[in-house]
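Undergrad: Handing you a structure now.
What follows draws every value from the coordinates through simple rules; no lab data is involved. From a predicted model like this one, the values you see are computed outputs, not experimental measurements. Here Cβ is always computed from backbone atoms with ideal geometry, including for glycine, and neighbour counts include all displayed protein chains.
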Amino acid sequence: METPILQIDDLSTHFFTRDGVVRAVDNLTCHVGAGEALGIVGESGCGKSVTSLSVMRLVQSPSGRIVNGAIRLQGRDLLALSEKEMREIRGNEISMIFQEPMTSLNPVLSIGCQLIETIRRHRGVSGKEAWQRAVDMLRLVQIPEPDQRMREYPHQLSGGMRQRIMIAMAFACDPKVLIADEPTTALDVTIQAQILALMSDLQKRLGTAVVLITHDLGVVAETCQRVIVMYAGRKVEEADVGDLFDRPRHPYTKGLMASMPHLHRGLGNGQRLKEIPGMVPSLLDPPPGCRFAGRCAHATALCTTEEPPLTETGPRHWVACWHTGAPAEVAQ
Amino acid sequence: MSTALLEVSGLKKHYALDGGLFRKPTRTLAAVDGVSFTISSGETLGLVGESGCGKSTTAKMIVRLTETTEGSIRICGEDISTLGAGAMRHKRRDVQIIFQDPYSSLNPRMRAGDIVAEPLRNFGIGREEVRTRVASLFDRVGLRSDYVARFPHEFSGGQRQRLGIARALALEPKLIVCDEPVSALDVSVQAQVINLLTDLQRELGIAYLFVAHDLAVVEHISHRVAVMYLGRIVEMADRQTLFSDPRHPYTQALLAAAPSSHPRQKKERLLLCGDAPSPTSPPSGCPFRTRCPIAEPGCAEAVPALRDLGEGRQVACHLR
């Protein structure tokens, strides 16, 4: 594989609060190549959103800090850049889509005004050219009557429409990397399907590297080629998407898959779902060892004292668990 | 049918728009527009639909948190939609509700034990008995009984939802209306709460009206399922019938839109175009015709009635 577009090495982002240090992201390493879609999956508080904010250098300071690691965009270390240089990267080379399209658009500016702002900021084109580019982008994300929409305000549009505007804005400057943080969570299923189809289509056509952050394994199955599963700030498993769904190795990944009700599985009520007992541990000075140990049926003394390293158990399949040697046992 | 625990017929909720203090409303919004269904004891009816389809309004009308505009809600044969406040209070023993957001549905200034005890005290149960009942309710929903003195903010999302379930169970209701009870929870915790709800149903014979937008969850928990679109039920059938052989084009689209559970099952899907129309200006005739892949000119003429197609299946479509 050629060199990745975005390479994250040993990233640790911590929050220094009055109660202590919250280790939101702990030694995360990952990469995305051109035209590839990487999914980052995990439950609330696993550090997936903090990872994306770290890449954009938008972590809330002064409490939050990237304490360790490197983030490289085509070899350039983003953590070494000044705020001014970083502003040239955001929205231009790396852009981001957030979960709530209502709160990420400015309610008092028209759609056109917001789209043009991005284009003019990074492209230095005339107002007329920027307007044309903005209309083209709206057409690209299949918004009907784009010329009219340019003059409308966010509140006049539906949730799905607003998310399309966000996508248009994100793709407006041909970014190399697109980070989508729960882009469809606030949307209805029929609209979610439309938005995912649109994102995949644009990604293929424009060759953008996509990092899709979600709690929904179904969304990952639908759109990604490679997946990272995070738990309590750490990467616990990484694999190609087919491989992960066929052979999940980490007990947490397995638990997550078993606890989801599936459509057409014909389970029906009366049958219990497999549940993961307990809840996510606090990230305030977490205990040593594997962070899943407290909820894991296979935890041994070793798990509570030593952190399991990421080991390659199959081609391009990494797992951080002491007990992956006996996958058959763990599965049951 | 007099045997049904809950019998809802012709339920409507219309809101007046553009009205002011001294101005006459000029338009109405039909949030729920003629919904009828029944639930027998020990049964779960799933109510699915997208946002704005009126499923939560229906749920709230059944516990009379929202007044009905028209129609009747019978519980064990008695119409509660017109009961006065005093008589309704007694009926509330039979019907309880669990809300979506476990953060805003619990009073932050009350201790967990008091939250669960409040309904018991409202019905004049003695102090000693309240204490033992609260302890057993905590135990029943899987909370440690020494948590009674804690405040809601000291619990996680899943624990709060357990607290909401304990409060709903306190008066031993016959029916619990669950309004999106698991959609605010993480996947691993969601399974715990769903299992708790099914266990309770098996042990206590409670009936649920389970309102949700997640089709997989509804398929898992329901015996029968009703699909709503723009304030009306468009299809209602047994769980298996509905999910294996959906007939209404909207149900088909909804099922097709759900993300697959495995990357290899990616489906060639029929994508619905556009958004649901606004309930303030619904299309004439069939409310779904503007997005329907099989719509014909005739669909604009009359609203399709919910017709029985046999096998316990009802569909509201001119073409099926």
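Undergrad: Tell me the angle of helix B:187-204 to the major Cα principal axis of chain B, expressed in degrees between 0 and 90 and rounded to the nearest ten.
TA: Once rounded, the angle reads 80 degrees.
Undergrad: Ok, one more. May I ask you to sort A:R18, B:R239, A:R72 by Cβ crowding, counting other Cβ atoms within 10 Å and putting the fewest first? Could the numbers behind the result be given before it?
TA: Numbers: A:R18 5, B:R239 21, A:R72 18.
Ordered from fewest to most neighbouring Cβ atoms within 10 Å, A:R18, B:R239, A:R72 come out as A:R18, A:R72, B:R239.
Undergrad: Ignoring everything except DSSP H segments at least 4 long, calculate the 222 nm mean residue ellipticity for chain B; use -39,500 (n - 2.57) per segment, divide by total residues, nearest 500.
TA: Working: 9 runs with 93 residues, N = 320.
Mean residue ellipticity, 222 nm, calculated: -8500 deg cm²/dmol.
Undergrad: Now for a separate question. Please give the net charge around B:D101, taking every other residue with its beta carbon less than 10 angstrom from that of B:D101, where Lys and Arg add +1 and Asp and Glu add -1.
TA: Working: positive: B:R160; negative: B:D179, B:E180.
It works out to a net charge of -1.
Undergrad: For region B:253-320, what does the relative contact order come out to in percent, with C-alpha contacts under 8 Å and a separation of six or more?
TA: Working: 62 pairs, mean separation 13.6, N = 68.
Worked out over region B:253-320, it gives 20 percent.
Undergrad: Rank B:R133, B:R202, B:R109 by mean-square fluctuation in a GNM of chain B with C-alpha springs under 10 angstrom and give only the top-ranked residue.
TA: B:R109
Undergrad: Right, here's the next one. About the Cα centre of region B:93-246, what is the dipole size in debye to 20, counting +1 per Lys and Arg Cβ and -1 per Asp and Glu Cβ, all else neutral? The partial results should precede the final answer.
TA: Values: 18 positive and 20 negative charges, 116 e Å.
Charge dipole of region B:93-246: 560 debye, to the nearest 20.
Undergrad: What are the membrane-span-like helices in chain A by this rule: whole DSSP H runs, Cα extent along the axis at least 24 Å, mean Kyte-Doolittle hydropathy at least -0.5? Don't skip to the answer; put the middle values down first.
TA: Details: long enough: A:189-206 (25 Å, 0.56).
Qualifying helices: A:189-206.
Undergrad: Choose one answer from B:F22, B:F243, B:F151: the residue with the largest mean-square fluctuation in a GNM of chain B with alpha-carbon springs under 10 Å.
TA: So, out of B:F22, B:F243, B:F151, the one fluctuating most is B:F22.
Undergrad: Taking the Cβ of each residue in B:I233, A:I143 as the centre, tally the other Cβ atoms inside 10 Å and list the residues starting with the fewest. List each step's numbers first, then the result.
TA: Values: B:I233 26, A:I143 20.
With the fewest neighbours first, B:I233, A:I143 line up as A:I143, B:I233.
Undergrad: Next question. Could you tell me, in Å, what Rg and Dmax come out for the Cα atoms of region B:24-172?
TA: Using the Cα atoms of region B:24-172, the pair Rg, Dmax is 17.5, 56 Å.
Undergrad: With every atom except the alpha carbons ignored, what do you get for Rg and Dmax of region A:50-141, in angstroms?
TA: Radius of gyration, then largest Cα-Cα span, for region A:50-141: 15.4, 44 Å.
Undergrad: Find, to one decimal place in angstroms, the Kirkwood hydrodynamic radius of the protein assembly as shown, where the mean of 1/r is taken over every pair of different Cα atoms and then inverted. Please list the in-between numbers first.
TA: Working: mean 1/r = 0.0373 Å⁻¹.
The Cα-based Kirkwood calculation yields 26.8 Å.
Undergrad: On C-alpha positions alone, give me the angle between the axis of helix B:127-140 and the longest principal axis of chain B, in degrees, nearest 10.
TA: 50
Undergrad: Would you work out which of A:L140, B:Q159, B:T3 lies farthest towards the positive end of the dipole of the protein assembly as shown? Charges go on Cβ: Lys and Arg +1, Asp and Glu -1.
TA: B:T3
Undergrad: Something else about it: Over 18 Å between C-alpha atoms is what I'm after, so list which of A:K48/A:K84; A:K176/A:K204; B:K55/B:K174; A:K274/B:K55; B:K91/B:K174; A:K128/A:K204 land there.
TA: A:K48/A:K84; B:K55/B:K174; A:K274/B:K55; A:K128/A:K204
Undergrad: A further question follows. Treat region B:166-320 as a sphere of radius equal to its Kirkwood radius over Cα pairs and apply Stokes-Einstein at 4 °C in a medium of 1.567 mPa s; give the translational diffusion coefficient in µm²/s, rounded to a whole number. Intermediate results must be reported in sequence, preceding the final value.
TA: On the way: Rh = 17.5 Å.
Result for D is 74 µm²/s.
Undergrad: Hey, what angle do you get for helix B:157-169 against the long axis of chain B, alpha-carbon based, 0 to 90 degrees rounded to 10?
TA: 80
Undergrad: Based on the Kirkwood radius over alpha-carbon pairs, what value in µm²/s does the Stokes-Einstein equation return for the translational diffusion coefficient of region B:230-320 at 20 °C and 1.002 mPa s?
TA: Working: Rh = 14.2 Å.
Answer, rounded: 151 µm²/s.
Undergrad: Compute a Gaussian network model of chain A, connecting alpha carbons closer than 10 Å, and tell me which residue from A:T118, A:T103, A:T214 fluctuates the most.
TA: Its mean-square fluctuation being the largest, the pick is A:T103.
Undergrad: For chain A, what is the mean residue ellipticity at 222 nm derived from helices alone (per DSSP H run of n ≥ 4: -39500 (n - 2.57); sum divided by total residues; nearest 500 deg cm²/dmol)? Numbers along the way, then the final one.
TA: On the way: 12 runs with 109 residues, N = 332.
The per-residue figure over chain A is -9500 deg cm²/dmol.
Undergrad: Can you tell me the relative contact order of chain B? Whole percent, Cα pairs under 8 Å, sequence separation 6 or more.
TA: On the way: 594 pairs, mean separation 64.8, N = 320.
Rounded, it is 20 percent for chain B.
Undergrad: Nearest 0.05, what FRET efficiency do B:E301 and B:R150 give at R0 = 60 Å with Cβ-Cβ as r?
TA: On the way: r = 59 Å, r/R0 = 0.99.
According to the calculation, E is roughly 0.50.
Undergrad: To the nearest 20 debye, what charge dipole does the protein assembly as shown have about its Cα centre, counting +1 at the Cβ of each Lys and Arg and -1 at the Cβ of each Asp and Glu?
TA: Details: 75 positive and 72 negative charges, 211 e Å.
Charge dipole, the protein assembly as shown, about its Cα centre: 1020 debye, nearest 20.
Undergrad: Inverting the mean 1/r over all pairs of different Cα atoms, compute the Kirkwood radius of chain A and quote it in Å. Spell out each step's value before the answer.
TA: Details: mean 1/r = 0.0473 Å⁻¹.
So the Kirkwood estimate lands at 21.1 Å.
Undergrad: Using Cα pairs closer than 8 Å and at least 6 residues apart in sequence, work out the relative contact order for chain A, in percent.
TA: Numbers: 593 pairs, mean separation 67.5, N = 332.
The normalised contact order for chain A reaches 20 percent.
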